[in-house]
Amino acid sequence: MPQFFDLHSHMLCGVDDGAKNVEDMFSMLEMAYEDGIRAICLTPHYSPYMFGDNVTERERSYAVLREYVAEKHPDMQLFLGNELGYYQGCAQALETGRCRTLNNSRYVLMDFSEGEDFFTLSLAVNQVQRMGYMVVLAHAERYRCLFHKFHWLETFVDEGGIIQVTASACRAGWGTPSERQCKKLLRHGLVHVVSTDGHNLTKRQPKMSVCLPYLESHFDEQTIRRLVWENAMRIVSDGLIQF
């Protein structure tokens, strides 16, 4: 089994709708470690209208998890970022530093509601790109407005956009439409990163291995490594993505 890098995780406790407490956070870390994950970028939601101003909680929880990992699993690498949830004027949070990029790189993990309209999504992505950031489109398989906008997705990638899909979506973790979209994106070579988007110990677990049966039946070892490790590492290192 390969080593995994989970670029999209809600493991930090008391920050958003992820881990509820320190015990859950530590248990999620142990679950991820047992699954073969050896690098995690913690990406709590930055969405003040949903979760308030959680900057202090983010930093405090990250410090606690780093201390735990240093003692229990020194071979685990941790990085910090945010998942920027769309709201009017959200790009300003990047400029003020309230919302973190992925490990202080130029890469920004952006999130929209599953039912967001295409005009709003595309306009927001373009705005952040014009500010000089590289947009990582979080769980791209879920947005219904993009199910029939494959040309836009291809253009987005051609212009430097990054597509992340959810590991569980490879096995119908998000239902048939999202599963079809996920596999379509993968087959067409438009996916750069597979991540867990882990939130808890039950329905949204921090496990990457669930994607392996599908990936191993469709892609070579080098491609799989790019999807589950190399591209994520390049992102947090502020490097260039391999296609």
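Any chance you could list the semi-axes, whole Å, largest first, of the equivalent ellipsoid that the Cα gyration tensor gives for the stretch 30-141, using √(5λ)? Let's see the in-between values first.
Details: eigenvalues 152, 47, 33 Å².
Value: 28, 15, 13 Å, ordered largest first.
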What would the Debye formula give as log10 I(q)/I(0) at q = 0.08, 0.13 Å⁻¹ for the alpha-carbon point model of the chain, no solvent? -0.26, -0.73
Give me the dipole magnitude in Debye, nearest 20, for the chain about the Cα centre, with unit charges on the beta carbon: positive for Lys and Arg, negative for Asp and Glu. 380 debye
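Dipole size in debye (nearest 20) for the stretch 80-173 around its Cα centre, Lys and Arg Cβ +1, Asp and Glu Cβ -1?
180 debye
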How would Glu179, Glu159 line up by accessible area, probe 1.4 Å, largest first? Glu159, Glu179
Taking the Cβ-Cβ separation of Phe51 and Asn104 as r and a Förster radius of 30 Å, what is the calculated FRET efficiency to the nearest 0.05? 0.90
Label point at Ser209 placed 7 Å out along Cα→Cβ; residues across the stretch 68-111 whose backbone nitrogen lies under 20 Å: 73-77
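In the chain, which helices (entire DSSP H runs) extend 15 Å or more along their own long axis, judged by Cα positions, while averaging at least 0.5 on the Kyte-Doolittle scale?
Details: long enough: 22-34 (18 Å, 0.17); 55-72 (26 Å, -0.86); 118-130 (18 Å, 0.53); 176-187 (16 Å, -1.40).
The qualifying helices are 118-130.
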Return, in residue-number order, each cysteine of the chain whose C-beta is not under 4.7 Å from any other cysteine's C-beta. Cys13, Cys41, Cys90, Cys99, Cys145, Cys182
Over the Cα atoms of the stretch 75-158 the radius of gyration and the largest Cα-Cα distance (Dmax), both in Å, equal 13.2, 43
Calculate for the chain the 222 nm mean residue ellipticity that helices alone would give, adding -39,500 (n - 2.57) per DSSP H run of length 4 or more and normalising by residue count, nearest 500 deg cm²/dmol. -11000 deg cm²/dmol
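If you scale each eigenvalue of the Cα gyration tensor by 5 and take the root, what three semi-axes come out for the stretch 109-243, rounded to whole angstrom and sorted largest first?
Three semi-axes, in Å: 22, 18, 14.
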Would you mind computing, in nm to one decimal, how far apart the modelled labels at Glu221 and Asp75 are, each placed 7 Å from Cα along Cα→Cβ? 1.8 nm
Might you work out the accessible area of Thr43 for me, using a 1.4 Å probe with all protein chains in place, and round it to the nearest 10 Å²? 0 Å²
I'd like to check one number: the per residue accessible area of the chain, probe 1.4 Å, reported in Å² as a whole number. 44 Å²
Cα gyration tensor of the stretch 181-243, axes a ≥ b ≥ c as square roots of the eigenvalues: rounded (a/c below 1.5), prolate (a/b > b/c) or oblate? oblate
Got the relative contact order for the chain handy, in percent, Cα pairs under 8 Å and 6 or more residues apart? 23 percent
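The values are calculated or read from the model by the stated rules, or taken from the named source; none is laboratory data. Small disclaimer: the values here were computed from a predicted structure and weren't measured. As a convention, Cβ positions derive from the backbone with ideal geometry for all residues, glycine included, and neighbour counts pool all protein chains shown. Keep in mind that these areas ignore ligands, DNA and RNA; they rest on the heavy atoms of the full protein, side chains included. Shrake-Rupley method; radii C 1.70, N 1.55, O 1.52, S 1.80 Å.
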